[in-house]
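> Would you mind keeping the following structure in view while I ask a few things?
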Amino acid sequence: METFGATCIASPSDRTESGRAILHENPDSSGSLGIAISEAVEMAAQRDDTKYALGSVLNHVLLHQTIIGEESLKQFEMADDYPDMVIGCTGGGSNFAGIAFPFIGRKLRGEQDIEVIAVEPANCPTLTKGKYAYDFGDTAHLTPLVKMHTLGSTFVPPGFHAGGLRYHGMAPLVSQLAADDIVRPRAYSQTECFEAGVQFAKTEGIIPAPEANHAVKATIDEALVCKREGTARAILFNLCGHGHFDMQAYTDYFAGKLYDQDYDESEVAMALAGLPAVSAG
Ligand SMILES: Cc1ncc(COP(=O)(O)O)c(C=O)c1O
């Protein structure tokens, strides 16, 4: 970004009320997507020349991303095939929804069945361990409330390399589909995901982003199930980003410096205890 003239400030920063409050409480805070969103929204709200554009989570962003799945449908048509399963990693939900929703649409209309797997990091397990409730999209509570799977807006996940998956909540549409058992969530730790990513790179010549490694890991696991069972299944997954910005992560992995740190369950309990009280009517 700086190459193209931007100035980058790491969050939490001392430039905003939200950032300063976090740093006051914890000067060594590793930050989170929830905190960065609070800082960005605060800046945008205070300046006439600045707008905030959402990258993920809200439903309209997911729908924009469905071009990924629409293209995949066409590619399968060209191959005269159809996937038995679709897999994506989930941070806020947009790359996952992007690839999966066109297929889920067909499934819900009774046109063609498919299994759908959402993969998240074990130390920010929003769909597998979170609560389905109304919560804020950011840590400083500047956003509207959305009904979603959440670990609590004040929860700061431990630092791990798939930074794009360190979000406490999940898009409302993805949350609803998980609650309805149409999307099956699962969680993996980062070292097993890097192992899968390295295997993928050696096989395909593409180094995936740490986030994408979660989908790669689930895809390899599902392919191994097929191998064990002697079944042939077409598995579609989203390689949502390359890892060229993440060479440090791979360097750390090869140096044996990556480890799996458990998230603090008491922190999640505290964050969930602070969920906003919402009543109908
Ligand atoms: C490469 C990559 N994949 C996935 C994500 C997760 O976001 P989402 O779940 O919204 O697609 C991010 C977020 O920064 C990312 O950088």
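> Specify the residue with the greatest mean-square fluctuation among Asn95, Asn123, Asn26, computed from a Gaussian network of the chain linking alpha-carbon atoms under 10 Å apart.
Of Asn95, Asn123, Asn26, the Gaussian network model singles out Asn26 as fluctuating most.
> Please give the contour-minus-distance gain from Glu111 to Ala53: 0.36 nm per residue of separation, less the Cα-Cα distance, rounded to one decimal in nm. Don't skip to the answer; put the middle values down first.
Working: separation 58, 0.36 × 58 = 20.88 nm, distance 3.49 nm.
Full extension from Glu111 to Ala53 adds 17.4 nm.
> To continue, here is another question. Give the long-range amide H neighbours of Phe237: residues separated by 5 or more places, or on another chain, with amide H under 5 Å away, using H modelled in the peptide plane at 1.01 Å from N.
Under 5 Å from the amide H of Phe237: Ile87.
> Got a sec to turn the phi values of region 92-101 into Karplus ³J(HN,Hα) couplings, 6.51 cos²θ - 1.76 cosθ + 1.60 with θ = phi - 60°, whole Hz, x for Gly and Pro?
Those phi angles translate into x, x, 7, 6, 5, 4, x, 7, 8, 4 Hz.
> Relative to the present Cα-Cα distance, how much length would full extension add between Met247 and Glu17 at 0.36 nm per residue of separation? It would help to have the intermediate numbers written out before the result.
Values: separation 230, 0.36 × 230 = 82.80 nm, distance 3.28 nm.
Extending this stretch completely gives an extra 79.5 nm.
> Here's something else I'd like to know. Quick check on the exposure proxy: order Asp113, Asp80 from fewest to most C-beta atoms within 10 angstrom.
Arranged by neighbour count, lowest to highest, Asp113, Asp80 become Asp80, Asp113.
> Show me, for region 110-117, the HN-Hα J-couplings you get by feeding each phi into the Karplus relation (A = 6.51, B = -1.76, C = 1.60, θ = phi - 60°), rounded to Hz, glycine and proline as x.
Here the 3J(HN,Hα) series is x, 7, 7, 7, 7, 8, 10, 10 Hz.
> In region 83-151, which chymotrypsin sites (Phe, Trp or Tyr not before Pro) fall in coil by DSSP and have 13 or fewer other Cβ atoms within 10 Å?
Working: sites: Phe96, Phe103, Tyr132, Tyr134, Phe136; in loops: none.
Those that pass, being in a loop and sparsely packed, number zero.
> Restricting to bridges with both residues inside the chain, how much of the DSSP beta-bridge set is antiparallel, in percent to the nearest 5?
On the way: 7 of 20 bridges.
Approximately 35 percent, going by the DSSP bridge assignments.
> Seen from all sides and averaged, what is the projected area of the convex hull of the Cα atoms in the chain, in nm²?
For the chain, the mean projected area of the Cα convex hull comes to 17.6 nm².
> Something else now. Please list, in order along region 81-89, the HN-Hα scalar couplings obtained from phi with the Karplus expression 6.51 cos²θ - 1.76 cosθ + 1.60 (θ = phi - 60°), rounded to whole Hz, x for Gly and Pro.
Ordered by residue, 3J(HN,Hα) equals 9, 8, x, 7, 8, 10, 10, x, 8 Hz.
> Now for a separate question. Rounded, prolate or oblate: which fits region 39-142, taking a ≥ b ≥ c as square roots of the Cα gyration tensor eigenvalues, rounded meaning a/c under 1.5, else prolate when a/b beats b/c?
On the way: a/c = 2.93, a/b = 1.77, b/c = 1.66.
Prolate, because a/c is 1.5 or more and a/b exceeds b/c.
> On a full-extension model of 0.36 nm per residue, what is the gain between Glu2 and Asp84, subtracting their alpha-carbon distance, rounded to one decimal in nm? The partial results should precede the final answer.
Details: separation 82, 0.36 × 82 = 29.52 nm, distance 4.26 nm.
So the extension gain works out to 25.3 nm.
> If each residue's Cβ is checked for other Cβ atoms within 10 Å, how do His64, His161 rank with the fewest at the top? Please report the intermediate quantities before stating the final value.
Working: His64 11, His161 23.
Ascending number of Cβ neighbours within 10 Å: His64, His161.
> How big is the charge dipole of region 59-271 about its Cα centre, in debye rounded to the nearest 20, if each Lys and Arg gets +1 on its Cβ and each Asp and Glu gets -1 on its Cβ? Working shown, then result.
Working: 16 positive and 28 negative charges, 28 e Å.
It comes to approximately 140 debye.
> Then there's this: So how far, in whole Å, is the C-alpha centre of region 218-281 from the one of region 160-216?
The two parts, judged by their Cα centres, are 4 Å apart.
> With point charges of +1 on the Cβ of Lys and Arg and -1 on the Cβ of Asp and Glu, referenced to the Cα centre of the chain, which listed residue (Leu275, Asn123, Cys193) lies farthest in the positive direction of the dipole?
The residue sitting most towards the positive pole is Leu275.
> Compute a Gaussian network model of the chain, connecting alpha carbons closer than 10 Å, and tell me which residue from Leu73, Leu236, Leu62 fluctuates the most.
Taking springs between Cα atoms under 10 Å, the residue moving most is Leu73.
Every number in this text was worked out from the coordinates using simple rules, so none of it is lab data. Keep in mind that what you see is a predicted model, and the values were worked out from it rather than measured. Reconstructed Cβ throughout: ideal geometry from the backbone, glycine too, with neighbour counts over all protein chains shown.
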